[in-house]
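Comments concern the structure below.
The values are calculated or read from the model by the stated rules, or taken from the named source; none is laboratory data. All values reported here derive from a predicted model rather than from experimental measurement. Here the Cβ positions follow ideal geometry from the backbone for every residue, glycine too, while neighbour counts run over all protein chains shown. Side chains are part of the model used for accessible areas, which takes the heavy atoms of the whole protein and leaves out ligands, DNA and RNA. Shrake-Rupley method; radii C 1.70, N 1.55, O 1.52, S 1.80 Å.
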Amino acid sequence: MTEKKTATYVQKMPASWWLRNPRYLAYMLRELSSIFILVYILTFLVQILLLRDRNAYDAFLAIVESPFFVAFTAVAFAFAVYHGVTWWGLTSKVLQISFRGKTVPPALVLLGAIMMWAVVSFLVYLLLFRGV
Amino acid sequence: MALEIVLLVKRFRPELSKEPFYQEYQIPYTEDMVVLDALNYINDEVDSTLAHRWSCRMGICGSCGAMINGTPRLACATFLRQLTRGIVEVEPLDHFPVIKDLVVDMEDFMQKLAEVMPWLIREKIKPLDRGEYFQTPGQIRLYGQQSMCINCLICYSACPVYGLDSEFLGPAAIALAYRYNMDSRDQGREKRLSRLVGKSGVWDCTYVGECSVVCPKDVDPAGAIQRLKFPGSLHVLKTLLPRL
């Protein structure tokens with residue numbers, strides 16, 4: 001092969017690329033959601049660790065019951081739901097479930113997955129708060 | 001009075017300047033014009049120095065991809081009347097080095113395409129007199145969608161992962177690997193998977209999904225990449241535990 005001598009102009013991606021269209025933004029929010037979920041899980045783990053020490057646990061409760069932390073938890077919850085819904089949205093497109101030789105439409109797979117998710121969430125709720 | 005339209009074209013003329021610049025063209029407009037017609041009009045009637053690739057004019061050859069109003073699309077399949085903005089902006093495909101005006105350097109993709117071996121691999125080739133390899137319609141359906149790829153590179157322009165790191169094998173090459181891996185006549189699955197699970201392969205994809213949105217042939221590269229992650233994991237397991 002002959003060596004290329006053509007001058008080329010290299011296009012660089014701007015740092016603001018994710019603002020270019022709503023789908024890129026939705027993707028970035030999905031990525032960002034993991035940070036909120038991580039912080040929430042870490043706090044939860046700390047809470048479990050502190051169960052051994054009554055005083056430390058009470059002090060910790062005072063922190064998580066502060067308005068700031070309640071607001072953070074609400075945002076983290078919203079992000080967790082967003083992450084879950086979009087994750088199932090994407091997964092439903094990837095899963096190719098065949099039924100009687102035909103592929104089940106992604107929208108139907110998504111519906112099934114969300115319903116299953118809701119049922120499991122309800123069971124967890126019963127287990128934790130109703131002591132079933 | 002005849003209708004007119006304004007095209008703002010990003011130009012790069014290495015013989016004149018190291019930097020690209022924008023040039024405005026005001027040309028006659030008709031309802032049935034696609035962006036490619038406008039570019040051809042400019043080239044034929046207004047400014048013959050404007051360079052752009054095209055061939056079939058009907059969404060088959062995959063030559064005329066460009067950023068049209070910021071979205072990668074085929075110029076031949078984009079009607080001017082579909083574009084809402086007053087001025088139509090046409091730029092070379094994102095993420096590729098520009099050779100001249102709207103002409104980008106495709107070499108990187110061509111190399112990657114060869115790496116995934118987009119052809120039927122047989123352990124032993126059947127002699128011609130033994131006839132063809134038969135497939136049922138169901139077997140064809142497994143890869144039919146991905147076989148529609150026309151290598152137009154529009155998916156690469158939409159992929160921020162490729163934009164940030166051009167080492168990434170990218171949507172079309174992996175979709176074509178999927179197409180051959182799903183083909184009942186092929187026996188090169190593991191060979192391709194070795195490349196796909198390697199450096200800058202399927203695991204680099206974070207499923208932005210934009211490649212599948214912009215694909216003019218509805219190939220769904222994003223879906224194909226995710227579907228390869230499971231056989232890819234099995235392949236890695238097999239190499240770690242050769243006797244499995």
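Selection over the range B:66-83 of residues that are out of contact with any Phe, Trp or Tyr (no Cβ under 8 Å at 6 or more places or on another chain) and more than 14 Å from chain A (Cβ to nearest Cβ) gives a count of 7. Cβ separations smaller than 7 Å between residues 6+ apart or across chains give the following pairs from the range A:64-78 residues that are within 21 Å of A:Ser34 (Cβ to Cβ) to residues that are of a type in the set (Ser, Thr, Tyr) and open to solvent by 60 Å² or more (accessible area, probe 1.4 Å): A:Thr73/A:Tyr40; A:Ala76/A:Tyr40. A single entry from A:Phe129, A:Phe72 fulfils the requirement of being open to solvent by 70 Å² or more (accessible area, probe 1.4 Å) and either within 14 Å of another protein chain (Cβ to nearest Cβ) or among the aromatic types (Phe, Trp, Tyr) (or both): A:Phe129. Would you be able to say whether some residue in the range B:46-55 is more than 26 Å from A:Trp17 (Cβ to Cβ) and either in the same structural domain as B:Ala172 (by TED's automatic domain parsing) or acidic (Asp, Glu) (or both)? Scanning the range B:46-55 turns up at least one residue that is more than 26 Å from A:Trp17 (Cβ to Cβ) and either in the same structural domain as B:Ala172 (by TED's automatic domain parsing) or acidic (Asp, Glu) (or both). Applying the criterion of being part of a strand (DSSP E or B) and within 10 Å of another protein chain (Cβ to nearest Cβ) to the residues of the range B:84-102, the residue that is farthest from A:Tyr9 (Cα to Cα) is B:Glu91. Applying the selection to the range B:1-46, what residues are away from chain A (no Cβ under 14 Å), in contact with a Phe, Trp or Tyr (Cβ under 7 Å, 6 or more places away or on another chain) and over 18 Å from B:Leu80 (Cα atoms)? If the condition is that a residue be away from chain A (no Cβ under 14 Å), in contact with a Phe, Trp or Tyr (Cβ under 7 Å, 6 or more places away or on another chain) and over 18 Å from B:Leu80 (Cα atoms), then B:Val46 is the only one that fits. Yes or no: the range B:125-148 includes at least one residue that is more than 17 Å from the chain's Cα centre (by Cα), assigned to a helix (DSSP H, G or I) and of a type in the set (Gly, Ala, Ser). Taking every residue of the range B:125-148 in turn, at least one turns out to be more than 17 Å from the chain's Cα centre (by Cα), assigned to a helix (DSSP H, G or I) and of a type in the set (Gly, Ala, Ser). Residues in the range B:183-215 that are among the hydrophobic types (A, V, I, L, M, F, W, C) and touching a residue at least 40 places away in the same chain (Cβ under 8 Å) were compared, and the one that is surrounded by the fewest Cβ atoms within 10 Å (Cβ to Cβ) is B:Val213.
Rundown of residues vs (1) buried (at least 19 other Cβ atoms within 10 Å of the Cβ); (2) touching a residue at least 24 places away in the same chain (Cβ under 8 Å), yes/no style:
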site	(1), (2)
B:Tyr133	no, yes
B:Arg141	no, no
B:Ile150	yes, yes
B:Arg179	yes, yes
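When A:Tyr40, A:Tyr9 are screened for being touching a strand residue (DSSP E or B) at 6+ places or on another chain (Cβ under 8 Å) and among the aromatic types (Phe, Trp, Tyr), only A:Tyr9 passes.
Put simply, of A:Ala7, A:Ala15 the only residue that is farther than 21 Å from A:His83 by Cα, open to solvent by less than 60 Å² (accessible area, probe 1.4 Å), at pLDDT below 95 and not in a helix (DSSP H, G or I) is A:Ala7.
Filtering the range A:91-109 to residues that are open to solvent by less than 100 Å² (accessible area, probe 1.4 Å), in a helix (DSSP H, G or I) and within 14 Å of chain B (Cβ to nearest Cβ) leaves A:Thr91, A:Ser92, A:Val94, A:Pro106, A:Val109.
Going through the range B:42-63 one residue at a time, which ones are open to solvent by less than 10 Å² (accessible area, probe 1.4 Å) and within 10 Å of B:Leu102 (Cβ to Cβ)? Listed by number, the list holds a single entry, B:Leu50.
Every condition in (1) assigned to a helix (DSSP H, G or I); (2) open to solvent by 10 Å² or more (accessible area, probe 1.4 Å) is met by B:Phe109 except one, and the failing one is (2). The residue that is farthest from the other protein chains (Cβ to nearest Cβ), counting only those in the range B:112-131 that are loosely packed, with under 13 Cβ neighbours inside 10 Å and closer than 25 Å to B:Pro171 by Cβ, is B:Trp119. Taking the conditions exactly as written (within 30 Å of B:Tyr162 (Cα to Cα), open to solvent by 90 Å² or more (accessible area, probe 1.4 Å) and within 14 Å of another protein chain (Cβ to nearest Cβ)), does A:Arg30 satisfy them or not? Considered against the rule, which asks whether it is within 30 Å of B:Tyr162 (Cα to Cα), open to solvent by 90 Å² or more (accessible area, probe 1.4 Å) and within 14 Å of another protein chain (Cβ to nearest Cβ), A:Arg30 comes out as no.
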